[in-house]
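K.L.:
Would you mind keeping the following structure in view while I ask a few things?
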């Protein structure tokens, strides 16, 4: 019940947009295609949707090649959103639902339920163009999931949404995951998808540069960092005086025990250590210097992992 | 063709629900009624523009002669019909104490200076608007008239035409008098022979009346065919561009093949225009049942339109639309911006405009050899074959051949458009003829 992509390639003239991508997205999990703009994410998704013909490679859904019929099992939220603005909200949803194989009656029933859920029940008979941009985005999200697809593809799903709606969409994506849907998520905003994706591939110029779970990617990073904060520093005035800077430098110097690789002194001090045992020594030293308010291991963000991977590749 | 039905239903019904669509039905009816009643409308305004006063100057004898001719009952009737009044114009004072008197040099033989006061008065009358025109007339023993016509501006062709008509009639009467010809002899000299035209096809009706009726109906049908095909194919392009530019098409195409999508759009637009023109036709039929619609000065009743002609019109509507829709669909698949639509479609539209212009000529010469040859060319067939069938003589085998050629061309173009459509419908690159050429040769695709 998985989506399997093997050796996918696509060029536009002399530009190689996708260059031999392989991955497998499984049910009940969110699979991320992450990368900068132009990395080949949207082209890959378009090939899966049959909108663009691949030059090479295979795409299989549940063990079979995707065709017109099986593509009806896909829900799609494109990056560049667009609805028929002249049509009414319900008409558009019923149209897209019937294209996916629903009867008009069933599509109407489901559209009404989803619109109520998103607080758009009263907008059912309004023209799409009269809705706010955020509400149009919600309608587009409904269009993607109306037919209860087994595979849902979200291309930059949070672009254009305000923070409240971002949370709403995240919640709905988690619901879909809980229902066992296979979810493919493409984004260049690492911060927005970090907590969502179970597995991911990092793309650069059409090629995969990293793959795995977020935890595995983090584990592969050989840098261990801790953040340290003393009570007196935390309670001190915000003003950064020369005396305060001198005190931070003094304490940082005291923390420089064997196994410490680097120290960034400040109100919050970041210490890079060789391993977690060295960190314990650092903590004990810190306690000897004052009451410690915070001592926590810093996990690299997805953004940092991405930047590090890009730097390594280039 | 999975998804065809859903795309067709949505495209068809969303157009029909649009108030602008029904407003355009009203505009079609209005346009047809306007053009077919143009003469009546013009006459209505001419009848209400008031009397045309023409001042007449010249020697007293000449002026008197003209007024005397105008007093003839037949001439009076004509002047009344034309809303024209003739008025003698004399000057206020002439040199030598002849104030208010007409110059005594009669028959155009007197000195020119003697006419000056009348001329001045005529000019003043035209300038003040009391006279629409001032005519300084001179009569000759033969009955010939010469003269000078003075009007306020040189652009009033209608007034000049009216003055000419009046004086032509007066000259004819004067000449007839001088030559001693009776009304019948004058009529024999100037009127066309009063033939009754009959044809082998016609019944009891006058053939000329039939011809006028047929030309009128054909004109209306050619106009409707032109509007239908241009409007239908143009709407198709705009519909494609609208869905492409909004990216709505990307939601649709994963569930429906581009070919099914193209066919659904083409047939939905055809359905939309058939409904639109059927509605307009029904309204026009209703209007024509209440009274006749006039055209080219002939009266005809639209409800008398022969059914076989209506059938040919419908067949040519459909085939002509499919022919042009295939071209427009192929072009439209490569356009993603509304502003590029004109650049891309203008050459095709111009081709059809040319067909329309030729069809207008063909109304008066439907059997001309160039009309016969051009009617075989598919871009011209819908309009020219219709004119030939309606007004000319065209053999059954020829109709079948021309229609068959058009149908084959439309089918070939649709097949070709389908291939291009499949490759290019998701192309968002700027339009260029070079790229279109590459796409046609299979060298460009998404």
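K.L.:
Please find, within the stretch B:251-280, the residue that is nearest to residue A:68 (Cα to Cα) out of those that are within 14 Å of chain A (Cβ to nearest Cβ) and surrounded by fewer than 20 Cβ atoms within 10 Å (Cβ to Cβ).
P.N.:
B:257
K.L.:
Does at least one position in the stretch B:406-421 carry a residue that is assigned to a helix (DSSP H, G or I) and within 14 Å of another protein chain (Cβ to nearest Cβ)?
P.N.:
yes
K.L.:
If you don't mind, another one. Can you tell me which residues in the stretch A:86-96 are assigned to a helix (DSSP H, G or I) and at the interface with chain B (Cβ under 9 Å from one of its Cβ atoms)?
P.N.:
A:91, A:92, A:94, A:95, A:96 - these are the residues of the stretch A:86-96 that are assigned to a helix (DSSP H, G or I) and at the interface with chain B (Cβ under 9 Å from one of its Cβ atoms).
K.L.:
Further, regarding this structure: Select, from A:212, A:290, the only residue that is in the same structural domain as residue A:41 (by the TED database) and surrounded by 12 or more Cβ atoms within 10 Å (Cβ to Cβ).
P.N.:
Sole residue among the options that is in the same structural domain as residue A:41 (by the TED database) and surrounded by 12 or more Cβ atoms within 10 Å (Cβ to Cβ): A:212.
K.L.:
List, please: which pairs have Cβ atoms under 6 Å, are six or more places apart or on different chains, and start with a residue in the stretch B:21-33 that is closer than 13 Å to residue B:276 by Cβ and end with one that is part of a helix (DSSP H, G or I) and modelled with pLDDT of 85 or more?
P.N.:
Hits for this filter: B:21/B:15; B:25/B:276; B:25/B:279.
K.L.:
For the stretch A:97-107, check the following and say yes or no: at least one residue is touching a strand residue (DSSP E or B) at 6+ places or on another chain (Cβ under 7 Å) and either buried (at least 17 other Cβ atoms within 10 Å of the Cβ) or within 14 Å of chain B (Cβ to nearest Cβ) (or both).
P.N.:
no
K.L.:
Out of everything in the stretch A:189-209 that is part of a helix (DSSP H, G or I) and in contact with a strand residue (DSSP E or B) (Cβ under 8 Å, 6 or more places away or on another chain), what residue ends up being surrounded by the most Cβ atoms within 10 Å (Cβ to Cβ)?
P.N.:
Only one residue tops the list, namely A:193.
K.L.:
Output yes when any residue across the stretch B:225-246 is within 12 Å of chain A (Cβ to nearest Cβ), in a helix (DSSP H, G or I) and either in contact with a strand residue (DSSP E or B) (Cβ under 6 Å, 6 or more places away or on another chain) or more than 28 Å from residue A:129 (Cβ to Cβ) (or both), and no when none is.
P.N.:
no
K.L.:
Determine, yes or no, whether residue A:186 is assigned to a strand (DSSP E or B) and either free of Cβ contacts under 8 Å to residues at least 40 places away in the same chain or closer than 30 Å to residue A:9 by Cα (or both).
P.N.:
yes
K.L.:
Here's a check for you: in the stretch A:137-154, which residue that is out of contact with any strand residue (DSSP E or B) (no Cβ under 9 Å at 6 or more places or on another chain) and closer than 13 Å to residue A:110 by Cα is surrounded by the most Cβ atoms within 10 Å (Cβ to Cβ)?
P.N.:
A:142
K.L.:
If you don't mind, there's one more thing I want to ask. Which residue out of A:122, A:144 is closer than 22 Å to residue A:51 by Cβ, in the same structural domain as residue A:182 (by the TED database), out of contact with any helix residue (DSSP H, G or I) (no Cβ under 7 Å at 6 or more places or on another chain) and not in a loop (DSSP other than H, G, I, E, B)?
P.N.:
Among A:122, A:144, only A:144 is closer than 22 Å to residue A:51 by Cβ, in the same structural domain as residue A:182 (by the TED database), out of contact with any helix residue (DSSP H, G or I) (no Cβ under 7 Å at 6 or more places or on another chain) and not in a loop (DSSP other than H, G, I, E, B).
K.L.:
What strands (runs of 3 or more DSSP E) completely inside the stretch A:4-85 contain at least 3 residues that are more than 9 Å from chain B (Cβ to nearest Cβ) and either closer than 26 Å to residue A:170 by Cβ or at pLDDT 90 or above (or both)?
P.N.:
The strands (runs of 3 or more DSSP E) meeting that bar are A:15-25, A:29-35, A:56-61.
K.L.:
Follow-up. If you check residue B:51 against the conditions, is it away from chain A (no Cβ under 14 Å) and touching a residue at least 40 places away in the same chain (Cβ under 8 Å)?
P.N.:
no
K.L.:
Pick from A:151, A:168, A:176, A:196: which is under 11 Å from the mean Cα position of the chain (by Cα) and assigned by the TED database to the domain that holds residue A:40?
P.N.:
Just one listed residue meets the conditions, A:196.
The values are calculated or read from the model by the stated rules, or taken from the named source; none is laboratory data. Everything quoted here is computed from the prediction, not taken from an experiment. Cβ atoms come from the backbone with ideal geometry, glycine included; neighbour counts cover every protein chain shown.
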